[in-house]
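One structure is given below, encoded as structure tokens.
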Amino acid sequence: MSKEKFEGVYVYIEQRKGVIQEASLQLLGEARKLAEKLKTEVSAFLIGYQLKKLVKEPIYYGADKVIYVDNKECANYNPEIYKTVLVQLVMKYKPEIFLIAGTKYGRELAPSIAADLETGITADCTAFDIDEKGNLLQIRPPFGGRVHAYIITPEKRPQMATARPNVFPLPERNVSRKGEIIKEETEVSKPSMALIKFEKGSEAEIPIEKAEVLISFGRGFNLEDAHLLEELCDFFLKSSISCSRPIVDAGLMPRSRQVGQTGKTVRPKLYLAIGISGAIQHLAGMKDSKFIAAINKDPNAEIFKFCDFGIIGDYKEVIPLLIEELKKKQAPS
Amino acid sequence: MLKIIVGIKWVPDTADVKFDPVKGTIIREGVESIINPPDLNAIELALALKEKYGGEVYVISMSPPSAIKGLKMAVAMGVDKAFLVSDRKFAAADTLATSYTLSCAIKKIGSYDLVIFGEETIDSATGHIGPEVGEMLGIPHLSYVTEVQEVDLQQRTIKMVREVEDGVEFFQANLPVVISVGVGINTPRYPIPLRRLLTELETNKYIETWALNDIGADPEKVGFKGSPTRVVKVIAAPMPARRLEIREASGETVKLFIKRLKEAEII
Ligand SMILES: Cc1cc2nc3c(=O)[nH]c(=O)nc-3n(C[C@H](O)[C@H](O)[C@H](O)COP(=O)(O)OP(=O)(O)OC[C@H]3O[C@@H](n4cnc5c(N)ncnc54)[C@H](O)[C@@H]3O)c2cc1C
Ligand SMILES: Nc1ncnc2c1ncn2[C@@H]1O[C@H](COP(=O)(O)O)[C@@H](O)[C@H]1O
């Protein structure tokens, strides 16, 4: 197929149990910018079951067109079924660029689609642009985020990439935006793999990627002092608790609370690192926070090279002092 | 009897990798290489399943000959046989070309029930290989698997658990299947000294090297030629500039800290 026949910027809009994932809406904003540079349209692929309430959402966030498949077999995400459906949509609509949010489902789905189509794919991009030849510039941070690699897919189409969630801002929801909505029927063959059960994680608190203040602890923190973290958290609105990887590996916190290369990328207003040394793999997940503060008893800890405010000391002394001062501020004088 | 193939990569320890900002290249010289961390968990899972159900565990790696060190380590851990898939023509492969090459090697091994990969590598960190190889072998693939609950050798089915953002999913699939696993799902065992010695003495018995022709790969689809993506440039990632106000703990320091939080409109 000649490259010329492929046109438009397409985003896969991921919904889970009837909720569109914010990471794919964030990508719509980025897709709009690319489409403007290429003077083309933004389209959204949406897959699921009983999608009526959702189909207009991508339009409100910047899509010109929504192409959706509403099928009982697609009620739950199944990598095999979703892949088959998306491959059929891509073959029919021939996107020049096809972007997928790098959620767990997205990171699994995207490469299997690329392999089926025998096209190139770039993982976890943190920036996009269009080069002078009109190719999609896919910018990603390999080697634990130490470098930025600029990648293109010069010949094959579509140009595919996944993007890291929470790197691009969420576009404003504008319900007066208009667009075209197309219902597609695709073949869904019987899968050889089936979801038999789902157990919802116990997420009482705010997910860490949505928190504005993150109180984050590492191996230097003893969980016997957990009450200190909670007390601290209570002084801030939209705050939550996150951690470094050894804490998760030790089974002390769920993986959904891990910050870093193999965890989540966060960019809160305040990231307070307590007993975290500041390994490159950890920094990769929080280096874009607006204000980084650290409490560490080792004056040579790496984290002190990458923070706005660092307190050298034992957290057992520092946090109570901090709590005391914050209480004073709160008390009406 | 379960036949399991594990894909492993011999990677520079990223913690030591330096970047040359002038040349725009990664300095790998003098950097220790290791088996990609989650690949050790993949090997451990394979060996544990072999102990439970019987069978064989093979390891494959597409790499320059230097990866033989990693393959020997895998054999010393208890793997039955290792295949080094190595050819100059495989150089500069992107994930699609790597997956194609690995899938040719897996087909050459022939029968298999389970193919296990690490979730991602510490150098390129794409997580592409598992899903792509699954696709190329024409069998289902599941990422982020944390546990294999049960294999039914009569029905030829497997039950797996995996973690996603909002919970835990339980899947059942027909064999064969490809899965990817992350660091922390188990504790990889140490190499056994006796096996390490055997591997050194009889390397050829445990490690086989396959070139392009041996795996019947299409030369147009491997290496640089077979890679649809091109790296245009690599630059040092800028670290956002920080205030770097570092103080010894004291009441004054804490007061100053709170003042800064106010200035930043955090409280
Ligand atoms: C492939 C790969 C991926 C990885 N991905 C991630 C990732 O996603 N996220 C991640 O976090 N890590 C990741 N890591 C691990 C990373 O390299 C570090 O090992 C890890 O971040 C260290 O965690 P830490 O800072 O909590 O522990 P440590 O490095 O042990 O640091 C503990 C710190 O606590 C301080 N401390 C001790 N006691 C006190 C006290 N009483 N008061 C104040 N300070 C104290 C110490 O001075 C020290 O600096 C990854 C590693 C690899 C190889
Ligand atoms: N060259 C290779 N040879 C064998 N297995 C590989 C190779 N590259 C990657 N893998 C496997 O694929 C997984 C994911 O790698 P990646 O897609 O590069 O992040 C790794 O954890 C390995 O199990």
Would you pick out the residues in the range A:279-288 that are small (G, A, S) and surrounded by 24 or more Cβ atoms within 10 Å (Cβ to Cβ)?
A:G285
List the number of the failed condition for B:S103; all other conditions in (1) more than 16 Å from ligand 1 (Cβ to nearest atom); (2) over 15 Å from B:D214 (Cβ atoms); (3) crowded, with 20+ Cβ neighbours inside 10 Å; (4) without any contact (Cβ under 8 Å) to a residue 40 or more places away in the chain hold.
(2)
Please state which of the following conditions B:L114 fails to meet, knowing it meets all the rest: (1) open to solvent by less than 30 Å² (accessible area, probe 1.4 Å); (2) within 10 Å of ligand 2 (Cβ to nearest atom).
(2)
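State all residues of the range A:218-235 that are part of a helix (DSSP H, G or I), away from ligand 1 (no atom under 16 Å from the Cβ) and in contact (Cβ under 8 Å) with a residue 12 or more places away in the chain; if no residue qualifies, say none.
From the range A:218-235, those part of a helix (DSSP H, G or I) are A:223-233; that's our starting set.
Going one step further and asking which of them are away from ligand 1 (no atom under 16 Å from the Cβ), we end up with A:230-231, A:233.
Of everything in the range A:218-235, those that are part of a helix (DSSP H, G or I), away from ligand 1 (no atom under 16 Å from the Cβ) and in contact (Cβ under 8 Å) with a residue 12 or more places away in the chain turn out to be A:E231, A:C233.
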Could you tell me which of the residues A:E155, A:E187, A:E180 is at the interface with chain B (Cβ under 9 Å from one of its Cβ atoms), open to solvent by 30 Å² or more (accessible area, probe 1.4 Å), in contact (Cβ under 8 Å) with a residue 24 or more places away in the chain and acidic (D, E)?
A:E155
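I'd like the full set of residues that are within 11 Å of ligand 1 (Cβ to nearest atom) and either open to solvent by less than 20 Å² (accessible area, probe 1.4 Å) or within 20 Å of the chain's Cα centre (by Cα) (or both), limited to the range A:297-309.
To start, the set of residues in the range A:297-309 that are within 11 Å of ligand 1 (Cβ to nearest atom) comprises A:297-304.
Within the range A:297-309, A:A301, A:I303, A:F304 meet the criteria.
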Within the range A:269-281, restricting attention to residues that are touching a residue at least 40 places away in the same chain (Cβ under 8 Å) and more than 9 Å from every other protein chain (Cβ to nearest Cβ), which residue is nearest to A:R140 (Cα to Cα)?
A:Y271
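Do we have any residue at all in the range A:48-70 that's under 20 Å from B:H141 (Cβ atoms) and without any contact (Cβ under 8 Å) to a residue 40 or more places away in the chain? Break it down into steps so the answer makes sense when it comes.
As a first pass, look at the range A:48-70 and keep what is under 20 Å from B:H141 (Cβ atoms): none.
Within the range A:48-70 (the criterion being under 20 Å from B:H141 (Cβ atoms) and without any contact (Cβ under 8 Å) to a residue 40 or more places away in the chain), the answer is no, since none of the residues qualifies.
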Check whether at least one residue in the range B:128-139 is open to solvent by 40 Å² or more (accessible area, probe 1.4 Å), more than 7 Å from chain A (Cβ to nearest Cβ) and free of Cβ contacts under 8 Å to residues at least 40 places away in the same chain, and report yes or no.
yes
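If a residue must be within 22 Å of B:G184 (Cβ to Cβ), more than 9 Å from ligand 1 (Cβ to nearest atom) and open to solvent by 10 Å² or more (accessible area, probe 1.4 Å), how many such residues does the range A:236-256 contain? Lay out the reasoning, then the answer.
Taking the range A:236-256 and keeping what is within 22 Å of B:G184 (Cβ to Cβ), we get A:240-256.
Among the residues that remain, those that are also more than 9 Å from ligand 1 (Cβ to nearest atom) are: A:240-242, A:250-256.
Of the ones still in play, those that are also open to solvent by 10 Å² or more (accessible area, probe 1.4 Å) are A:241, A:250-256.
Residues in the range A:236-256 being within 22 Å of B:G184 (Cβ to Cβ), more than 9 Å from ligand 1 (Cβ to nearest atom) and open to solvent by 10 Å² or more (accessible area, probe 1.4 Å): 8 in total.
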Test for A:G179: is it more than 26 Å from B:E165 (Cβ to Cβ) and in the same structural domain as A:V318 (by TED's automatic domain parsing):
no
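The values are calculated or read from the model by the stated rules, or taken from the named source; none is laboratory data. Just so we're clear, the structure is a prediction, and the values are computed from it rather than from any experiment. Counting neighbours? That spans all protein chains shown, and the Cβs are built from the backbone with ideal geometry, glycine included. These accessible areas exclude ligands, DNA and RNA; they are computed on the full protein's heavy atoms, side chains included. Shrake-Rupley method; radii C 1.70, N 1.55, O 1.52, S 1.80 Å.
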